[in-house]
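The values are calculated or read from the model by the stated rules, or taken from the named source; none is laboratory data. The shown structure was predicted, so the numbers you read here are calculated from the model rather than taken from an experiment. Quick reminder, even Gly has a Cβ in these numbers, built from the backbone with ideal geometry, and neighbours come from all protein chains shown. Heads up: the accessible areas ignore ligands, DNA and RNA and are worked out on the full protein's heavy atoms, side chains in. Shrake-Rupley method; radii C 1.70, N 1.55, O 1.52, S 1.80 Å.
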Amino acid sequence: MTAVQPRFDAVVHAPPRLQICGLLAAVDTMDFAAVRDTIGVSDSVLSKHVKQLE
């Protein structure tokens, strides 16, 4: 068995993006406003993070 080395992914591991991934991993759907309010960012900031994750 070959061990896989963990690596840092700057796209996913930025703190807000990691929070978004954590929130969405636990559900099938979530309202944009719920994600925004939970992360504590503006609409435009959340939109930019979501586009980066796409």
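Conditions tested, residue by residue: (1) part of a helix (DSSP H, G or I); (2) not β-branched (Val, Ile, Thr).
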{"site": "Gln5", "(1), (2)": "no, yes"}
{"site": "Phe8", "(1), (2)": "no, yes"}
{"site": "Leu18", "(1), (2)": "yes, yes"}
{"site": "Leu24", "(1), (2)": "yes, yes"}
{"site": "Asp28", "(1), (2)": "no, yes"}
{"site": "Thr38", "(1), (2)": "yes, no"}
{"site": "Ser44", "(1), (2)": "yes, yes"}
{"site": "His49", "(1), (2)": "yes, yes"}
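All told, Val45 meets the bar of being open to solvent by less than 70 Å² (accessible area, probe 1.4 Å) and out of contact with any helix residue (DSSP H, G or I) (no Cβ under 6 Å at 6 or more places or on another chain).
Can you confirm whether Ile39 is free of Cβ contacts under 8 Å to residues at least 24 places away in the same chain, open to solvent by less than 50 Å² (accessible area, probe 1.4 Å) and at negative phi? Yes, satisfied.
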